[in-house]
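Structure record follows, encoded as structure tokens.
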Amino acid sequence: GAQLRLLIDGARDHAFFMLDRDGCVTTWSAAAERIKQHRAAEVMGLPWSSFFTPADVAKGVPAALLHEAERSGAAYFQGWRVRKDGSPFWVDAVVSAIHDQGELVGFAEVARDLTEQRLSQAELQLRDQAMQAVAQGILIVDARDPCEPIVHVSGGFERLTGYTASEAMGRNCRFLQGAQSDPAAIAAIRDGLRAGFETSVEILNYRKDGSTFWNALHISPVRGEDQQVDKFIG
């Protein structure tokens, strides 16, 4: 009734709509209008497949999901859907079968728009892939921990030093220094970390096998929302 409609329309982050047993739209919530950009009057009677990408329609995804919902009660879906303007958005959805006295009478879908989260994950994955691909060694240090442990290293770091990420993680980067490392360069690194400013030095470092290499090291601070130094990138 009216109270159920208010509850459905009040769920701003979850689009809710219903389909008849043939998979055509019969109800449409306010959140569905906002997320999918279609007004209720525009979609009544449209097949559910209208909101899927052409690729998913060609693969029979909409029909398969409705069949799964009818068979097991509900079907879950994560993937790209299409808004009214043709733009794709990433949805996390469940479609449930509705029965009346044991007979299938329709379906109901609840969906969330997770496009921003999906893109953020893709950007993070791309960043990690880029870091692993560069030839230079990159490491990230936790500046808020007094021990200044390494929290991330790139593939270039592993190739350059001979240490794997698991061997380096949690250690202070001083483990790369040795007997022939210049004390003045070490002091410059230490002072830069303490003061939280950028530092550039050339220092003789040691690989895992004991061989040495000259390292042109540049350290940059990264500040958090409180403007305190949160990480160092070397």
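Rounded to two decimals, the Cα-based Rg/Rh of segment 154-230, with Kirkwood Rh, is 0.99.
Once both labels are positioned 7 Å from their Cα atoms along Cα-to-Cβ, the gap between Phe197 and Asn172 label points is 2.3 nm.
What is the distance, in nm, between label points placed 7 Å from the Cα along the Cα-to-Cβ direction at Gln78 and at Ala40? Once both label points are built, they end up 3.2 nm from each other. Taking θ as phi - 60° and the Karplus parameters 6.51, -1.76 and 1.60, the scalar couplings of segment 179-195 work out to 4, 9, 6, 5, x, 5, 5, 4, 5, 5, 5, 4, 5, x, 5, 5, 7 Hz in sequence order, x denoting glycine and proline.
Residues whose amide H falls under 5 Å from that of Leu204, counting only those 5 or more places apart or on a different chain, are Asp182, Asn215, with hydrogens built in the peptide plane. Note that segment 57-69 has calculated 3J(HN,Hα) couplings of 5, 4, 7, x, 4, x, 5, 5, 5, 5, 5, 5, 5 Hz, one per residue in order, obtained from phi through the Karplus relation 6.51 cos²θ - 1.76 cosθ + 1.60 (θ = phi - 60°); glycine and proline are x. From the Cα gyration tensor of segment 26-105, with a ≥ b ≥ c the square roots of its eigenvalues, which class applies: rounded if a/c is under 1.5, or else prolate if a/b is larger than b/c, or else oblate? In terms of gyration-tensor shape, oblate.
Each value in this text was obtained by applying a stated rule to the coordinates, not by laboratory testing. Keep in mind that what you see is a predicted model, and the values were worked out from it rather than measured. Reconstructed Cβ throughout: ideal geometry from the backbone, glycine too, with neighbour counts over all protein chains shown.
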